[in-house]
Amino acid sequence: MTKPLREDLGLADKLKVHILKKGETLDKIAKKYGIKSGRLLFDAKANAKLKKERKDPKNLLPGDKIVIPAPDLKSIKLQFKKDMPRMSIAVDGKKQLVFVQQKWEYIFNEASGVSKWQPKEKKNFHNKVDKAIWAKWSGRYQLAVGGTSDFAKALKGKIFKVSFDIKYVKSGGHWKVTVTKIPKGGFKTSKVNWGTQTIQLDTEDVKPLEREDKDGGKHKQTPAAHEFGHAVGNSKFGGAMHGDEYPEASTYKEEYSSMLNIGSQLKKRHADHLVSELNKMIPNTTFVVKSVN
Amino acid sequence: MRGLVTSILCLTLSSAAYAEQPASVGSKNTESAQSMEKNTETDLSNLTLAQMELLLGKPAKMAEFTLSMNVTEFRIELLNFYSKEMLLENPPLIVEATWALSPEKNKTIWFRPTGDGLKYLHHADWDVGVEF
């Protein structure tokens with residue numbers, strides 16, 4: 001037997017009850033809860049007991065309890081998607097999930113003295129990057145939803161998780177990603193250019209690198225996960241308009257553990273661009289980062 | 001060499017060089033150091049800072065630092081020139097000079113002090129719009 005949709009969503013919580021105050025009208029109450037009219041509210045099955053007692057909505061008295069019916073989820077759009085130049089975002093209200101995907105179009109090259117890339121190595125590199133980014137970024141953000149839309153009302157109080165995915169594509173990528181094969185244990189500068197939608201990585205970027213801060217604290221960071229931070233909007237040239245946090249001029253230069261500094265911890269601000277874009281997707285709906293771990 | 005000098009002198013300097021990222025030192029001691037070296041502009045490697053200034057003018061930004069394993073991404077290629085032991089036992093002093101070649105392009109050259117002045121160690125040409 002198919003479960004009711006509301007239970008699927010984990011929304012089988014108690015219905016709200018509004019206690020009528022002096023001067024209030026049913027129409028006003030209906031509007032407050034996103035119901036088309038006071039008459040519909042009065043006629044709702046949830047208010048059958050009240051209707052039996054008062055017969056007519058005009059007979060309602062202060063103190064009467066009006067049950068606010070659950071939104072009809074079958075009529076609410078729960079899935080939204082938008083494709084942007086640097087990523088696509090999908091919101092699934094049913095799963096309470098925000099899915100961020102970047103399509104990466106790779107260009108593989110080699111430092112001198114290093115063997116040519118083999119097809120299997122290319123695939124392996126992509127898998128490692130995808131895994132590193134997934135491990136460091138996915139499931140960390142908890143978003144709360146608010147607003148006056150049916151979507152927001154239906155999912156009020158629910159927590160959305162965010163997943164980040166990299167898709168290997170041959171053409172039409174959001175980003176052109178040049179990966180240089182370098183000797184094991186070697187070093188090459190990695191970088192992201194928000195404007196040209198280009199990323200430069202190397203084969204050592206999928207391994208954690210340990211760095212020490214000025215106070216002797218040790219921090220591990222996987223460079224690919226740091227660079228992804230820029231590509232997902234932590235750029236001073238666009239997106240959230242804030243990027244690397246280790247420069248002297250950064251407000252966060254002493255937050256060494258931060259992903260955009262020399263560590264691996266995500267901060268609420270690292271989702272600024274994502275949240276800003278999410279908040280343009282569904283009319284009258286606002287997402288905020290409730291917590292991050 | 002004449003071609004290099006001419007092409008570099010034709011570049012317009014601006015005052016907006018990237019401020020955060022410095023330079024390097026050392027003698028190349030690994031194969032990876034050489035393989036990282038993508039010096040397509042022929043031979044910068046014989047030039048001292050003074051000679052470089054003749055070509056490019058005064059750097060827009062200069063910095064000096066002691067190289068360690070805790071280097072930022074921008075300077076990370078300098079680690080190819082030193083072993084971990086060398087960095088721990090005798091951390092090298094590096095001088096970093098950055099020129100704004102155009103509103104879009106910067107050049108950073110890292111030098112190591114020698115008895116004959118500051119000698120070229122490594123360089124990076126980078127777009128103003130990149131983040132590391």
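Points worth noting:
- The value given for the stretch A:114-153 is a Kirkwood hydrodynamic radius of 13.6 Å, derived from the mean inverse Cα-Cα separation.
- Enclosed volume per residue, in Å³, of the convex hull spanned by Cα atoms of the stretch A:28-70: 70
- Label-to-label distance for A:LYS220 and A:LYS184 is 1.8 nm, based on points extended 7 Å past Cα in the beta-carbon direction.
- Those aspartates and glutamates that a straight Cα-Cα span of less than 19 Å connects to A:LYS58, excepting residues fewer than 8 apart in one chain: A:GLU24, A:ASP27, A:ASP43
- Degrees, to the nearest 10: A:119-137 long Cα axis against longest axis of chain A: 50
- Rg/Rg_globular for the stretch A:184-257, with Rg_globular taken as 2.2 N^0.38 Å and Rg from C-alpha atoms: 1.15
- Hypothetical label at A:ILE107: residues of the stretch A:142-184 whose amide nitrogen lies under 16 Å (7 Å Cα-Cβ projection): A:169-181
- Cβ-to-Cβ counts within 10 Å put A:VAL179, B:VAL95 in ascending order as B:VAL95, A:VAL179, the fewest first.
- Neighbour-limited loop hits for GluC sites (Glu not before Pro), the stretch B:64-109 (at most 16 other Cβ within 10 Å; DSSP other than H, G, I, E, B): B:GLU104
- Of the GluC sites (Glu not before Pro) found in the stretch A:196-282, the ones in coil according to DSSP and having at most 11 other Cβ atoms within 10 Å of their Cβ are A:GLU248.
- Under the Debye formula (equal points on every Cα, no solvent term), log10 I(q)/I(0) of the protein assembly as shown at q = 0.06, 0.10, 0.11, 0.13 Å⁻¹: -0.37, -0.77, -0.87, -1.11
Only the coordinates and a few stated rules stand behind these numbers; no lab work does. Note that the structure is a prediction, hence the values are computed from the model and not measured. Note that each Cβ is placed from the backbone with ideal geometry, even for glycine, and that neighbours are counted across all protein chains shown.
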